[in-house]
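Structure record follows, encoded as structure tokens.
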Amino acid sequence: MHFLETAHFGTVNFSALPLTVLLLTGLALLFDFTNGIHDAANSIATVVSTRVLSPLTAVAWAAFFNFVAFAVFHLKVAGTIGKGLVDPNIVDSSVIAATLFSAIGWNLLTWYLGLPTSSSHALTFSLIGAGFAKGGWKVLEWDGIGKTAAFVVLSPVVGGICGAIIAVIVTWLFSRSTPSRVQSVFRRGQLLSAAFYSLGHGGNDAQKTMGIIFVLLIAASQGGNAFPTPGDVPIEVVLACHVAMGLGTLLGGWRIVKTMGQRIIHLRPVDGFCAETGAAVTLIMVIFGGIPVSTTQTITGAIIGVGSLKRLTAVRWGVVAAVVWAWVLTIPTTAVLSYALCWLFRHV
């Protein structure tokens, strides 16, 4: 389907925007870039650890499909981030700056530590924390927050179930095939599953940054002419977000690849195919629902679901526990940090 039929784009006159807004837009794109670096591991960990592709080829493959996702998916996730978490009428430069500094700081810290935490949750809960600092409870959009919070738990569970179901189907279909034939088929099949997953990753994660820039432009355009079509995300913003994420993915997150692709469970090409396909199915379902989920949690859940079918002891539960603790800490840490930063920006 042609992308103009699946997405609604507006236009924006950047020359009419204040310098502060332009700087914050650049900061949002920097977050998208760090998101690409941090979450590159999600897209390539399985295909690299199974040695189907070299690391360099894998990140180029993932970056391409991250970018072209804008041509496939409607911008529902961007709408949820832009309007569905906090009242856009209270958003100003202090809220956006606190959100982005909090999310970028957490991304860089956890990337350095090699923890596959969620960039999505860092951004989402940073925005909620900063919005709360600005306007209190009344500015929070509880319907959108409720859906997002529910999928903090549901996304790895659904990813694990989808991965396990696909693994069962594949095992049944290839029950009479020799191991060498299975290896040969799924070494090629992983190219498709990695592309499918990267498409879902680009369609979900790049839209979150679009949502931040979208709400910033809405706030900046009140009473002005910089953003004449406030119901639509500008095409310049859509393309810039996908380019930033694609470039970040090209740099790759090698520290996190090891955790995702080797330390949780030893993966074969058929395991990688099932995990990536299960995670991709989950991501595409929630994109159409406009729910900003964690791609990190989704692929991790799928890897665990596939691995647990072999035997529960095949999963290194100690590594899983450390990853889950990092997920849990992301939400309060980023919310409190962005709250403090927003308070600081407003009073200094």
- Query: Would it be correct to say that THR178 is of a type in the set (Val, Ile, Thr) and open to solvent by less than 10 Å² (accessible area, probe 1.4 Å)?
  - Reply: no
- Task: Evaluate region 254-266: report whether one residue or more is open to solvent by less than 10 Å² (accessible area, probe 1.4 Å), outside any loop (DSSP other than H, G, I, E, B) and at pLDDT 80 or above.
- Result: no
- Kindly list, by first and then second residue, each pair from a residue in region 139-158 that is under 17 Å from ILE303 (Cβ atoms) to a residue that is not in a helix (DSSP H, G or I), limited to pairs with Cβ atoms under 6 Å and residues at least 6 apart or on different chains. SER155/VAL293; SER155/SER294
- Query: Which condition number does GLY246 fail, the rest of (1) modelled with pLDDT under 80; (2) within 20 Å of PHE33 (Cβ to Cβ); (3) open to solvent by 50 Å² or more (accessible area, probe 1.4 Å) being met?
  - Reply: (3)
- Qualifying positions in region 86-102 - open to solvent by less than 20 Å² (accessible area, probe 1.4 Å), in a helix (DSSP H, G or I) and among the aliphatic types (A, V, I, L, M): VAL95, ILE96, ALA97, ALA98, LEU100
- Among the candidates GLY159, GLY144, GLY163, GLY131, which residue alone is part of a helix (DSSP H, G or I), open to solvent by less than 20 Å² (accessible area, probe 1.4 Å), small (Gly, Ala, Ser) and at pLDDT below 85? GLY144
- Query: Could you count how many residues in region 64-85 are under 28 Å from LEU250 (Cβ atoms) and open to solvent by less than 10 Å² (accessible area, probe 1.4 Å)?
  - Reply: 7
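Here is a check on your reading of the model: is ARG187 of a type in the set (Lys, Arg), in contact with a Pro (Cβ under 6 Å, 6 or more places away or on another chain), farther than 30 Å from PHE125 by Cα and part of a helix (DSSP H, G or I)?
yes
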- Task: For VAL170, indicate whether it is in contact with a Cys (Cβ under 7 Å, 6 or more places away or on another chain) and either of a type outside the set (Val, Ile, Thr) or closer than 30 Å to CYS274 by Cβ (or both).
- Result: yes
- Query: Does region 267-286 hold any residues that are of a type in the set (A, V, I, L, M, F, W, C) and at pLDDT 80 or above, and which are they?
  - Reply: VAL270, PHE273, CYS274, ALA275, ALA279, ALA280, VAL281, LEU283, ILE284, MET285, VAL286
- Query: Among the residues of region 111-128, which ones are crowded, with 24+ Cβ neighbours inside 10 Å and not small (Gly, Ala, Ser)?
  - Reply: PRO116, THR117, HIS121, LEU123, THR124, PHE125, LEU127, ILE128
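The values are calculated or read from the model by the stated rules, or taken from the named source; none is laboratory data. These figures come from a predicted structure and were not determined experimentally. FYI the Cβ positions are ideal-geometry reconstructions off the backbone, even for glycines, and counts take in every protein chain you see. Surface areas here come from the heavy atoms of the whole protein model, side chains and all, with no ligands, DNA or RNA. Shrake-Rupley method; radii C 1.70, N 1.55, O 1.52, S 1.80 Å.
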